[in-house]
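Trainee: Handing you a structure now.
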Amino acid sequence: MNLISSSDHLKCNLYFTLDIDWAIEPVIDYALSFFRENKIKCTVFCTHSSEILKNLESDLFEVAIHPNFNESLIYGKGDSSQRILDKLLNIFPESKGVRSHSMTSSTKLLYQFKDLGLAYDSNIFFPYNWSISPFLCFSGITRIPYNWEDDVHFLYNKGFDYQINYNSDNFYVLDFHPIHIYLNSINRSHYHEAKKHYDDINMLKSYINSNQIGVRDFLDKLIKKIKINKTETGFLKDLL
């Protein structure tokens, strides 16, 4: 296995990612504003056609794809993996990376990613393991694990007063979702109540949490800490 050490030749070891998950435009725009206003780099895994996502600033945002294979694999209906990938790559042809919805992966998919010109995937998740490293896979693509995700954090029944103690010797790939940033989600039940109105911005507003520390507060505090410490962030494609 060819490990890629973050301390050997990379400028940084902190990477923000967003899984768009079919969020509507105002929700996407709100989430992106945290990175825009603070000049923080972020890799955006896109699920659908969006004018906002098609026009992202390349100095702040890397575009990657976030295909959903669940309909075909779990429910026995829907498009083939090839067609699902083709559709997204037609919308976002500059993509070098992929993270599947639900982290779906297999040997055949890894080869398919490579055949379609993708250079890396980020489908391996090790919660709170800060010693992970990217590695070159037998398929010919680089596999970039990640180690923190907002909705998984509340599945562990952890609160968002949680702090990541950044250490320059470790490796951090953090995953957020626009809907959780917008709602300032605090737990699964909060999100599921709001999810019924996923496409209705006026109804979603009524579910925004302003009473407890949530995902948005966690992100905001983390970004402030990064700016104070002048911590550099990067795109996942930089790891290639």
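Trainee: Go through (1) in contact with a strand residue (DSSP E or B) (Cβ under 7 Å, 6 or more places away or on another chain); (2) modelled with pLDDT under 95; (3) among the aliphatic types (A, V, I, L, M) for I74 and report which single condition fails.
Mentor: The number of the failed condition is (1).
Trainee: Would you check which residues across the stretch 110-125 are assigned to a helix (DSSP H, G or I) and buried (at least 20 other Cβ atoms within 10 Å of the Cβ) and list them?
Mentor: Passing the criteria: L110, F113.
Trainee: Criterion first (closer than 24 Å to N90 by Cα, part of a helix (DSSP H, G or I), modelled with pLDDT of 95 or more and not aromatic (F, W, Y)) does L18 satisfy it?
Mentor: When the stated conditions are applied, L18 does not pass them.
Trainee: Ok, one more. In this structure, is Y191 aromatic (F, W, Y), touching a helix residue (DSSP H, G or I) at 6+ places or on another chain (Cβ under 9 Å) and under 25 Å from N13 (Cβ atoms)?
Mentor: The answer is no for Y191.
Trainee: Would you pick out the residues in the stretch 227-238 that are over 30 Å from I141 (Cα atoms) and either surrounded by 14 or more Cβ atoms within 10 Å (Cβ to Cβ) or not β-branched (V, I, T) (or both)?
Mentor: Of everything in the stretch 227-238, those that are over 30 Å from I141 (Cα atoms) and either surrounded by 14 or more Cβ atoms within 10 Å (Cβ to Cβ) or not β-branched (V, I, T) (or both) turn out to be K227, N229, K230.
Trainee: Got at least one residue in the stretch 142-159 being among the basic types (K, R) and under 29 Å from I24 (Cβ atoms)?
Mentor: Among the residues of the stretch 142-159, at least one is among the basic types (K, R) and under 29 Å from I24 (Cβ atoms), which makes the answer yes.
Trainee: Could you please give the count of residues in the stretch 185-226 that are crowded, with 17+ Cβ neighbours inside 10 Å, out of contact with any Leu (no Cβ under 8 Å at 6 or more places or on another chain) and of a type in the set (G, A, S)?
Mentor: 1
Trainee: Related question: Can you name the residue in the stretch 19-44 that is under 17 Å from V215 (Cα atoms) and without any contact (Cβ under 8 Å) to a residue 24 or more places away in the chain and is also most open to solvent (accessible area, probe 1.4 Å) among such residues?
Mentor: D29
Trainee: Right, here's the next one. If you go through the stretch 35-48 one residue at a time, how many are touching a Phe, Trp or Tyr at 6+ places or on another chain (Cβ under 9 Å) and either under 18 Å from L219 (Cα atoms) or among the polar types (S, T, N, Q) (or both)?
Mentor: Count: 8.
Trainee: If you go through the stretch 45-64 one residue at a time, do you hit one that is at pLDDT below 95, of a type in the set (S, T, N, Q) and surrounded by fewer than 20 Cβ atoms within 10 Å (Cβ to Cβ)?
Mentor: no
Trainee: Somewhere in the stretch 186-209, is a residue at pLDDT below 95 and outside any helix (DSSP H, G or I)?
Mentor: No, the conditions are met nowhere in the stretch 186-209.
Trainee: Could you tell me which numbered condition Y156 fails, if it satisfies all but one of (1) more than 26 Å from K96 (Cα to Cα); (2) surrounded by 13 or more Cβ atoms within 10 Å (Cβ to Cβ); (3) modelled with pLDDT of 95 or more?
Mentor: (2)
Trainee: Considering the stretch 166-176 alone, what residues qualify as being of a type outside the set (G, A, S) and open to solvent by 10 Å² or more (accessible area, probe 1.4 Å)?
Mentor: Correct list: Y166, N167, D169, N170.
Trainee: Continuing with this model, one more query. From the list I164, I223, I201, exactly one residue is touching a helix residue (DSSP H, G or I) at 6+ places or on another chain (Cβ under 7 Å) and under 16 Å from C42 (Cα atoms). Which is it?
Mentor: The match here is I223.
The values are calculated or read from the model by the stated rules, or taken from the named source; none is laboratory data. Model, not experiment: these values are computed from the prediction. Cβ coordinates were reconstructed from backbone atoms using ideal geometry, including for glycine residues, and neighbour counts include every protein chain displayed. These area figures cover heavy atoms from the full protein model, side chains too; ligands, DNA and RNA do not enter into them. Shrake-Rupley method; radii C 1.70, N 1.55, O 1.52, S 1.80 Å.
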